[in-house]
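J.: Below you'll find the structure I mean.
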Amino acid sequence: MLLPLPQEPNSCLCFYGAFVIGALLILTFQMLKMLKYHNYESASDIPPGNRGLPLIGETIQFMAAIKSSKGFYDFVPIRRLRYGNCFKTSIFGKTHVFVSSIESAKSILNNESGKFTKRYIKSIAELVGDQSILCASHQHHKLIRGRLINMFSTQSMSLFIKHFDGLILKTLNAWECESTVIVMDEALKITFKAMCKMLMSLEDEQEIGMLQKHVSQVCEAMLAFPLKFPWTRFYKGIQARKIIMSKLEMMISERRKGIESSQEDFLQQLLKEDVKTCSLNEPPRQTDTEIQDNILTMIIAAGQDTTASAITWMVKYLGENQKVLDALRAEQLNIAKTLKKSFLTLEDLNEMSYASQVVKESLRMASVVPWFPRVVLEDCEIEGYKIKRGWNVNIDARSIHLDPTVYKDPNNFNPSRFNDESKPNSFLAFGMGGRTCLGMNMAKSMMLVFLHRLVTTYKWKVTNLDSSIEKWALFSKLKSGCPIYVTHIMDDEKPT
Ligand code: HEM
């Protein structure tokens with residue numbers, strides 16, 4: 001049997017001495033390298049900003065913002081005030097540049113130079129899946145987007161609006177008059193239900209509740225440190241993803257067995273696409289994993305917080321701006337009188353011009369998705385500063401939406417501002433260019449249907465004016481959820 005050789009005391013000292021000297025040399029070398037880097041970065045052609053501590057950067061400050069009542073976005077305006085329209089920082093070991101001018105937003109988002117791409121950090125790709133439209137490579141993204149965009153045809157939009165209207169009517173009828181409801185909770189329930197129905201015809205309340213719980217865990221994990229220990233948010237998110245994936249896998253396999261299923265939903269349309277390509281002796285264009293990843297992505301992008309948050313902010317702004325609410329109600333009561341069917345149609349929504357402005361103004365002020373991340377593929381110049389390949393550039397849409405040189409009195413809720421021509425490319429609630437929100441029209445429709453039914457049925461008072469933002473939320477989400485005290489509109493209050 002071989003035993004470890006006993007060490008002589010002197011050779012032991014020599015060994016440790018050499019080890020300490022070696023470690024000191026490496027440390028000194030690293031420090032010199034960092035100093036050189038910092039000096040290089042302080043050059044005036046690099047965006048101003050603080051890269052924070054070596055390796056950690058400003059991650060701690062960023063995480064503190066995520067956990068604070070001002071919300072994760074709070075990290076940005078403080079630095080923008082200090083450094084201007086273009087500044088850099090370092091988060092999770094990566095350099096991030098924030099940009100808030102219309103011109104730069106346009107050129108980066110339209111990406112005619114091909115120098116930018118959208119790539120989420122590895123941990124997010126692990127949660128939504130690397131075949132998701134959010135994480136796919138440039139070429140693959142185009143393919144997936146092409147397939148998904150087909151799902152938003154006028155026909156499916158019309159069906160969706162009818163179904164969504166039914167859900168809203170049911171929900172509003174269940175509200176007790178002279179009681180308090182939490183708008184965010186109600187909006188979340190309705191939008192999630194509507195998405196489950198549209199994407200995969202899921203209607204069972206219990207199943208929807210479970211799915212919603214798991215999707216929330218995935219969303220929470222997106223902002224967490226990617227540490228996989230059983231007690232971490234990230235681990236719980238990964239576990240939740242696995243459960244959702246196996247549920248979707250089961251659904252797909254059942255549908256494949258009877259491909260002529262009568263369901264007319266997104267999932268079915270995606271499966272039909274596959275059959276079409278197979279019959280042309282082509283390899284299937286999409287794998288089951290791709291379908292699963294993208295159904296999950298759509299649930300997160302649509303059914304989770306975005307639309308529900310936008311609805312919540314809109315109700316809050318209206319509750320605080322009586323004149324706007326009066327004008328809106330007058331328009332909607334007139335439309336209510338001329339409705340030809342018992343449910344709202346796409347044509348009815350097209351008549352809602354003031355309501356559309358209310359929706360747009362709410363989206364501007366709330367900036368539910370406050371910034372859009374891109375990765376730099378080639379060294380380039382932004383706002384006169386040199387930007388290096390591999391850096392992350394974030395378009396700070398919220399700053400643009402609240403810039404007084406772009407929107408007059410930006411903190412005033414004034415839907416009529418959109419009567420006048422606004423500056424081109426200044427409205428970024430749904431992004432711009434090849435990655436513009438796929439569900440933009442669907443989101444606007446949901447907001448209009450909700451508005452119509454709410455203002456023609458109820459009067460309300462916002463009972464908690466607190467504007468704090470939810471901690472750990474991926475989007476700007478009102479912490480109070482916007483509690484409102486509702487009372488029915490009396491017939492004699494309606495204009496004749
Ligand atoms: C008020 C609600 C919504 C807001 C504010 C919103 C906002 C956005 C924004 C800003 C982007 C682009 C981000 C970027 O360029 O980096 C985006 C992308 C996306 N949105 Fe939405 N969204 C909303 C609702 C929806 C709905 C209802 C759906 C689906 C039915 C949806 C599906 C998507 C998808 C799939 C993408 C990725 C598009 C791509 O990368 O090509 N969104 N959304």
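J.: Return a yes/no flag: does the stretch 282-289 have any residue that is modelled with pLDDT of 90 or more and within 13 Å of the ligand (Cβ to nearest atom).
T.: Checked against the condition, which is being modelled with pLDDT of 90 or more and within 13 Å of the ligand (Cβ to nearest atom), the stretch 282-289 yields no hits at all.
J.: Please go through the stretch 471-492 and give me each residue that is more than 16 Å from the ligand (Cβ to nearest atom) and within 30 Å of Gly237 (Cα to Cα), ordered by number.
T.: Within the stretch 471-492, the first condition is being more than 16 Å from the ligand (Cβ to nearest atom), and the residues that meet it are 471-472, 479-481, 483-492.
Answer for the stretch 471-492, where residues must be more than 16 Å from the ligand (Cβ to nearest atom) and within 30 Å of Gly237 (Cα to Cα): Lys471, Trp472, Lys479, Ser480, Gly481, Pro483.
J.: Also, quick follow-up: Which numbered condition trips up Phe164, out of (1) among the aromatic types (Phe, Trp, Tyr); (2) farther than 27 Å from Ile299 by Cβ; (3) modelled with pLDDT of 95 or more?
T.: (2)
J.: Checking Asn411 against (1) more than 22 Å from the chain's Cα centre (by Cα); (2) within 22 Å of Ile91 (Cβ to Cβ), which single condition isn't satisfied?
T.: (2)
J.: Considering each residue of the stretch 79-91, count those that are outside any strand (DSSP E or B) and closer than 16 Å to Tyr385 by Cβ, and give that number. Working first, answer last.
T.: First pass over the stretch 79-91, keeping only residues outside any strand (DSSP E or B): 79-85.
Subset that is closer than 16 Å to Tyr385 by Cβ: 79-80, 82-85.
Here the count works out to 6.
J.: Of everything in the stretch 428-439, what is more than 6 Å from the ligand (Cβ to nearest atom), closer than 19 Å to His138 by Cα and crowded, with 19+ Cβ neighbours inside 10 Å? Give them in sequence order. Talk me through it step by step, then tell me what you get.
T.: Keep residues of the stretch 428-439 that are more than 6 Å from the ligand (Cβ to nearest atom), which gives 428, 432-434, 436.
Right, trim to closer than 19 Å to His138 by Cα and you get 432-434, 436.
Listed by number, the list holds a single entry, Met432.
J.: Further, regarding this structure: Anything in the stretch 217-232 that is surrounded by fewer than 17 Cβ atoms within 10 Å (Cβ to Cβ) and closer than 18 Å to Phe72 by Cβ? List them, or say none. Walk me through it before giving the result.
T.: Taking the stretch 217-232 first, the residues surrounded by fewer than 17 Cβ atoms within 10 Å (Cβ to Cβ) are 225, 227-232.
The answer is Phe225, and nothing else.
J.: Among the residues of the stretch 334-346, which ones are over 33 Å from the mean Cα position of the chain (by Cα) and in a helix (DSSP H, G or I)?
T.: Result: Asn334, Lys337, Thr338.
J.: Looking for whichever is assigned by TED's automatic domain parsing to the domain that holds Met198, within 15 Å of the ligand (Cβ to nearest atom) and in a helix (DSSP H, G or I) here; the options are Glu331, Glu361. Which one fits? Don't jump to the end; show me each part of the working.
T.: On the way: Glu331 fails: within 15 Å of the ligand (Cβ to nearest atom).
Answer to the selection: Glu361.
J.: Mind counting the residues in the stretch 189-223 that are part of a helix (DSSP H, G or I), more than 20 Å from Ala125 (Cα to Cα) and hydroxyl-bearing (Ser, Thr, Tyr)?
T.: Adding up the residues that qualify gives 1.
J.: Can you name the residue in the stretch 173-210 that is in contact with a Cys (Cβ under 7 Å, 6 or more places away or on another chain) and within 16 Å of the ligand (Cβ to nearest atom) and, of all such residues, is nearest to Met157 (Cα to Cα)?
T.: Leu202
J.: Condition check: assigned by TED's automatic domain parsing to the domain that holds Thr307, in a loop (DSSP other than H, G, I, E, B) and under 29 Å from Leu349 (Cβ atoms). Does Glu186 satisfy that? Step through it out loud before you land on a result.
T.: Numbers: assigned by TED's automatic domain parsing to the domain that holds Thr307: yes; in a loop (DSSP other than H, G, I, E, B): no; under 29 Å from Leu349 (Cβ atoms): yes.
No; evaluated as a whole, the condition is false for this residue.
J.: Among the listed residues Lys33, Lys106, Lys94, identify the single one that is at pLDDT below 60, of a type in the set (Lys, Arg) and under 22 Å from Lys388 (Cα atoms). Outline the logic, then answer.
T.: On the way: Lys106 fails: at pLDDT below 60; Lys94 fails: at pLDDT below 60.
None of the other options fit; the residue is Lys33.
J.: Look through Asp396, Asp326, Asp379 and report the one residue that is of a type in the set (Asp, Glu) and in contact with a Lys or Arg (Cβ under 6 Å, 6 or more places away or on another chain). Reasoning before the result, please.
T.: Details: Asp396 fails: in contact with a Lys or Arg (Cβ under 6 Å, 6 or more places away or on another chain); Asp326 fails: in contact with a Lys or Arg (Cβ under 6 Å, 6 or more places away or on another chain).
Going through Asp396, Asp326, Asp379 in turn, just one is of a type in the set (Asp, Glu) and in contact with a Lys or Arg (Cβ under 6 Å, 6 or more places away or on another chain): Asp379.
J.: Among the residues of the stretch 442-450, is any at pLDDT 95 or above, of a type in the set (S, T, N, Q), surrounded by fewer than 19 Cβ atoms within 10 Å (Cβ to Cβ) and within 15 Å of the ligand (Cβ to nearest atom)?
T.: No, every residue in the stretch 442-450 fails to be at pLDDT 95 or above, of a type in the set (S, T, N, Q), surrounded by fewer than 19 Cβ atoms within 10 Å (Cβ to Cβ) and within 15 Å of the ligand (Cβ to nearest atom).
J.: Further question on the same structure: With the structure loaded, tell me whether Asn425 is within 16 Å of the ligand (Cβ to nearest atom), on the phi > 0 side of the Ramachandran plot and surrounded by fewer than 18 Cβ atoms within 10 Å (Cβ to Cβ) or whether it fails that test.
T.: Working: within 16 Å of the ligand (Cβ to nearest atom): yes; on the phi > 0 side of the Ramachandran plot: yes; surrounded by fewer than 18 Cβ atoms within 10 Å (Cβ to Cβ): yes.
So Asn425 passes the test.
J.: Please specify each residue of the stretch 347-402 satisfying the condition of being β-branched (Val, Ile, Thr) and over 14 Å from the mean Cα position of the chain (by Cα). Give the derivation first.
T.: The first filter runs over the stretch 347-402 and keeps only residues β-branched (Val, Ile, Thr), leaving 358-359, 368-369, 375-376, 382, 387, 393, 395, 400.
Once the filter is applied, which keeps residues that are β-branched (Val, Ile, Thr) and over 14 Å from the mean Cα position of the chain (by Cα), the stretch 347-402 yields Val358, Val359, Val375, Val376, Ile382, Ile387, Val393, Ile400.
Matching residues to (1) more than 27 Å from Lys228 (Cβ to Cβ); (2) crowded, with 17+ Cβ neighbours inside 10 Å; (3) in contact (Cβ under 8 Å) with a residue 40 or more places away in the chain:
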residue: Ser68; (1), (2), (3): no, no, yes
residue: Cys86; (1), (2), (3): yes, yes, yes
residue: Ser90; (1), (2), (3): no, yes, no
residue: Phe116; (1), (2), (3): yes, yes, yes
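J.: Can you tell me how many residues within the stretch 147-183 are surrounded by 19 or more Cβ atoms within 10 Å (Cβ to Cβ) and outside any helix (DSSP H, G or I)?
T.: Qualifying residue count for the region: 1.
J.: Under the condition of being in contact with an Asp or Glu (Cβ under 7 Å, 6 or more places away or on another chain) and aromatic (Phe, Trp, Tyr), which residue from the stretch 371-399 is farthest from the ligand (Cβ to nearest atom)? Don't jump to the end; show me each part of the working.
T.: Initially, the stretch 371-399 is screened for residues in contact with an Asp or Glu (Cβ under 7 Å, 6 or more places away or on another chain), giving 371, 385-389.
If we keep only those that are aromatic (Phe, Trp, Tyr) as well, we get 371, 385.
Values: Trp371: 8, Tyr385: 21 Å.
Filtering the stretch 371-399 for residues that are in contact with an Asp or Glu (Cβ under 7 Å, 6 or more places away or on another chain) and aromatic (Phe, Trp, Tyr), the one farthest from the ligand (Cβ to nearest atom) comes out as Tyr385.
J.: Mind counting the residues in the stretch 111-137 that are within 11 Å of the ligand (Cβ to nearest atom) and part of a helix (DSSP H, G or I)?
T.: Count: 1.
J.: Can you pull out every residue in the stretch 143-160 that is more than 13 Å from the ligand (Cβ to nearest atom) and β-branched (Val, Ile, Thr)?
T.: Result: Thr154, single match.
The values are calculated or read from the model by the stated rules, or taken from the named source; none is laboratory data. Everything quoted here is computed from the prediction, not taken from an experiment. When we count neighbours, we look across all protein chains shown, and the Cβ atoms used for this are built from the backbone with ideal geometry, even at glycine.
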